[in-house]
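Asks: Next up is a structure, given as structure tokens.
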Amino acid sequence: MLKEVQHIIILLKRLAILLLLYSLCRALFYFFNADLFPPILFSEGCWIFIYGIRYDVSAIIVLNSLFIVLHLLPNKYWETKFYQTILKIFFYLVNIVALIFEASDFAYFKYSFKRITSDIVFMEHDAPTLMPAFIRDFWYLLLMVVSMFLFAEFLYRKTFNRLDWNFNFRKFSRVKLISTLLVVSFLFIAARGNISKQSLTPNSGNSHFSVSLNALAQNTSFTLLYSLKHKKLEEKKYLTDEKANQYCNIIQSFNGKPASIYNPEKKKLNVVVIILESFSREYSGFLNGNEGYMPFLDSLMQQGMVFTNGWANGKKSIEGIPAVLSSVPGLVNEPLLNYGSYPELKMNTIATYLKEMNYSTAFFHGGSNGTMNFDKYILNSGFDKYLGKNEYPNQNDDDKVWGIFDEPFFQYFNGKLNEMQQPFLGAIFSLTSHHPFTIPSKYNGKFKQGKEPIVEVIQYTDLSLRQFFKSASQQLWYSNTLFVITADHTGPTSDEFYKTRVGMYRIPIVLFQPGNNLLKGRNDEVVQQTDILPTVLNYVGYDKSFISFGHDMFSSEKERVTVNSLGNIFQIMSDRYSLLYDGEKPVELYDYIRDPLLKNNLVNEQKQIAEKLTTQIEAYIQVFNSSIIHNTLSQR
């Protein structure tokens with residue numbers, strides 16, 4: 001009897017090696033990122049272990065399906081060294097790549113707060129320059145992968161010794177056939193992670209442990225495979241169209257409404273939008289009551305209008321740029337600018353509308369042209385020009401990883417604005433405050449250090465911003481310009497609040513118009529990146545219809561909320577509450593004013609508030625999905 005199932009025993013031993021390695025990777029993942037997770041209750045730890053095994057088994061079976069088939073396929077060569085070598089090649093070819101992705105998340109998670117998914121492809125263009133820096137800073141991860149490979153090889157060799165086994169694998173016997181079919185059936189169920197119709201999802205464990213612990217239960221292979229399979233959005237019908245539009249009406253107009261009190265004459269001001277890489281609210285001394293790391297931007301906040309309750313709509317640059325320029329939040333796992341699932345997708349931007357008012361428009365980014373598809377997005381959405389690293393005249397200012405250092409590129413930006421016909425829209429996305437956090441050698445040792453390496457580079461970019469405003473203030477167009485300064489997303493943190501699902505989205509948003517004493521002070525309303533486009537349009541007197549998921553930041557017509565999505569969990573926040581929604585039901589609700597570290601889940605206590613926020617986030621998801629699927633984010 002044992003002889004008939006020897007091939008199955010060997011297969012299960014080899015798959016068990018992988019299960020052991022995945023468990024080891026989870027332990028190492030937690031070791032490197034323990035400070036990013038809340039305290040774990042014993043019951044939660046047990047459920048994380050159970051779901052961790054389920055996720056691991058599912059990923060292992062799917063990734064090794066060809067290896068499994070070859071293992072179970074009857075043939076006369078099975079016992080030969082050649083065939084066993086073929087099996088081993090398939091085993092390592094797939095699983096070493098999987099281990100590299102697992103190890104990458106040991107370091108990458110602190111920046112994204114989620115496991116790697118299919119959006120990794122947006123890094124493809126920059127991979128040749130990013131990989132050397134990544135290997136230099138995280139070389140120890142490669143040693144770990146090599147060590148795991150050697151450990152796996154040690155165990156693999158013990159799974160089969162031809163002299164110890166007596167095989168007859170040329171044909172199936174009845175027992176062998178039945179046992180093989182049973183194993184295949186079991187593996188199929190294990191790959192789905194469930195016997196029921198509903199297969200295993202990244203959110204399957206939410207009823208047993210906090211959403212903030214999802215990434216600990218998951219593995220990178222599972223989240224990557226799941227996201228590749230679920231790249232397309234589904235049409236949602238949570239609400240009637242009428243009710244959805246009541247909460248999220250993206251076709252808007254200021255026609256017939258009073259002019260902005262800050263520009264009552266509807267003067268066609270120049271508009272300069274400055275998007276700063278990874279500029280978290282955390283780094284502001286003015287907003288946090290400490291010294292901070294952005295002294296110039298802090299001083300600008302005191303000269304203009306600062307929105308103290310500003311939020312990002314995503315955790316990546318590829319989400320933040322469309323949120324600011326197109327007023328479209330990142331409510332999808334695969335960033336829209338990847339264009340993978342929706343290659344014909346078009347989105348209007350602020351340039352689309354200002355061009356109708358005869359504005360000249362240009363977008364600037366010091367990265368290499370093609371990075372994150374920014375150039376394609378910009379040139380397809382109304383901007384006259386995209387000016388990047390390729391157009392920059394002095395390649396000696398290249399940081400050799402991402403592109404041109406911020407200080408010289410901001411001066412280049414200033415020079416090009418001088419050449420543009422007024423009124424103009426100039427938008428710039430900074431670059432240097434990104435891993436590996438490189439600054440020009442002349443500034444080494446010039447800036448104070450902090451708990452996170454990024455704070456040195458934040459100070460450098462803040463200095464670059466100071467130099468830009470110093471140069472711009474000498475230009476004739478300066479006094480006739482509205483400046484909008486914000487961040488694309490937040491950066492790395494060691495602060496307990498800024499690690500939470502609420503804190504990780506807090507960014508500065510500042511409006512500044514030289515000489516306009518009305519546009520000065522603090523605004524404590526909830527505002528988000530998607531509010532910038534309608535605010536600017538109303539400010540300069542645009543009176544036609546436009547598409548926006550946000551609202552004028554100075555308007556009191558709508559109850560203010562902010563929305564985002566991370567790791568298949570949607571979040572909506574009011575001025576007091578944060579609701580987490582898994583696409584089917586609310587799973588967590590927090591009073592983040594009284595409970596800033598999000599320890600007390602109120603979803604079963606504050607049912608009326610949860611129900612209201614659930615309806616609102618369902619409206620956003622329904623309208624968002626429909627707009628993407630039917631490609632209706634571009635009116636013109």
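Asks: State the percentage of accessible surface on segment 531-636 attributable to carbon and sulfur atoms; use a 1.4 Å probe and exclude ligands, DNA and RNA.
Replies: The nonpolar share, carbon plus sulfur, comes to 43 percent.
Asks: Given a Förster distance of 35 angstrom, what is the FRET efficiency for ILE50 paired with TRP139, based on the Cβ-Cβ distance and rounded to 0.05?
Replies: Taking R0 as 35 Å, the efficiency between ILE50 and TRP139 is 0.55.
Asks: Considering only DSSP beta bridges whose two residues both sit in the chain, what percent are antiparallel, to the nearest 5?
Replies: Rounded to the nearest five, the antiparallel share is 50 percent.
Asks: Semi-axes of segment 21-99's equivalent ellipsoid from the Cα gyration tensor, sqrt of 5 times each eigenvalue, largest first, rounded to whole Å?
Replies: 35, 14, 8
Asks: What do you get for the angle between helix 454-472 and the principal long axis of the chain? Use alpha-carbon atoms, 0 to 90 degrees, nearest ten.
Replies: Once rounded, one gets 30 degrees.
Asks: Distance in nm between label sites at ILE96 and PHE497, each 7 Å beyond Cα in the beta-carbon direction?
Replies: Going by the 7 Å Cα→Cβ label model, 4.8 nm.
Asks: Short version: ³J(HN,Hα) in whole Hz for each residue of segment 577-592, in order, from phi by Karplus 6.51 cos²θ - 1.76 cosθ + 1.60 (θ = phi - 60°), x for Gly and Pro, what are they?
Replies: 10, 10, 10, 9, 10, 8, x, 10, 7, x, 10, 8, 9, 10, 8, 6
Asks: Would you please give the FRET efficiency between GLU153 and GLN475, computed as 1/(1 + (r/R0)^6) with r the Cβ-Cβ distance and R0 = 51 Å, to the nearest 0.05?
Replies: So, using R0 = 51 Å, E works out to roughly 0.20.
Asks: Using only alpha-carbon positions, what ratio does the radius of gyration of segment 53-126 give when scaled by 2.2 N^0.38 Å?
Replies: Segment 53-126 yields a ratio of 1.45.
Asks: Can you tell me how much longer the chain between LYS229 and SER556 gets when fully stretched, taken as 0.36 nm per residue apart minus their C-alpha distance, in nm with one decimal?
Replies: Length gained between LYS229 and SER556: 113.5 nm.
Asks: Can you compute 3J(HN,Hα) from phi for each residue in segment 428-438, using the Karplus curve 6.51 cos²θ - 1.76 cosθ + 1.60 with θ = phi - 60°, rounded to whole Hz and x for Gly and Pro?
Replies: Per-residue couplings from phi come out as 9, 10, 6, 9, 5, 7, 9, 3, x, 6, 9 Hz.
Asks: Then there is this: Could you give the nm distance between label points at LYS76 and ASN358, where each point is 7 Å from its Cα heading toward the beta carbon?
Replies: Between LYS76 and ASN358, the simple spin-label model gives 8.7 nm.
Asks: Counting only the backbone N, which residues of segment 499-524 are under 11 Å from the spot 7 Å out from the Cα of ASN288 toward its beta-carbon?
Replies: 499
Asks: I've got another one for you. Ignoring ligands, DNA and RNA, what accessible area per residue does the chain give at 1.4 Å, in Å²?
Replies: Each residue of the chain exposes 42 Å² on average to a 1.4 Å probe.
Asks: While we're here: Assuming a viscosity of 1.306 mPa s and a temperature of 10 °C, what translational diffusion coefficient in µm² per second does Stokes-Einstein assign to segment 255-322, Rh being the Kirkwood radius over Cα pairs?
Replies: Translational diffusion coefficient: 108 µm²/s.
Asks: How high is the FRET efficiency from ASN255 to GLU419, r the C-beta distance, R0 25 Å, rounded to 0.05?
Replies: After rounding, the FRET efficiency stands at 0.15.
Asks: Here's a follow-up. Taking the Cα centre of each part, how many Å lie between segment 143-159 and segment 250-281?
Replies: Segment 143-159 and segment 250-281 have Cα centres separated by 59 Å.
Asks: Roughly speaking, what is the centre-to-centre gap between segment 20-86 and segment 571-618 when only Cα atoms are used, to the nearest Å?
Replies: 34
Asks: How high is the relative contact order of the chain? Use alpha-carbon pairs under 8 Å, at least six apart in sequence, and give a whole percent.
Replies: Here the relative contact order equals 20 percent.
Asks: Next up: Taking amide hydrogens as modeled 1.01 Å from N in the peptide plane, which residues meet the under 5 Å criterion relative to VAL587, leaving out close sequence neighbours?
Replies: Long-range HN contacts for VAL587: LEU580, TYR581, ASP582.
Asks: Further question on the same structure: From the helices alone, meaning DSSP H stretches of at least four residues, give me the mean residue ellipticity at 222 nm for the chain, per-run term -39500 (n - 2.57), in deg cm²/dmol to the nearest 500.
Replies: -13000 deg cm²/dmol
Asks: As I understand it, the value is the acute angle between the Cα axis of helix 42-63 and the longest principal axis of the Cα atoms of the chain; what does it come to in degrees, rounded to 10?
Replies: Approximately 70 degrees, to the nearest ten.
The values are calculated or read from the model by the stated rules, or taken from the named source; none is laboratory data. Computed from a predicted structure; not experimentally measured. Here the Cβ is made from the backbone with ideal geometry for all residues, glycine too, and neighbour counts use every protein chain on show. SASA here: full protein model, heavy atoms, side chains in, ligands and nucleic acids out. Shrake-Rupley method; radii C 1.70, N 1.55, O 1.52, S 1.80 Å.
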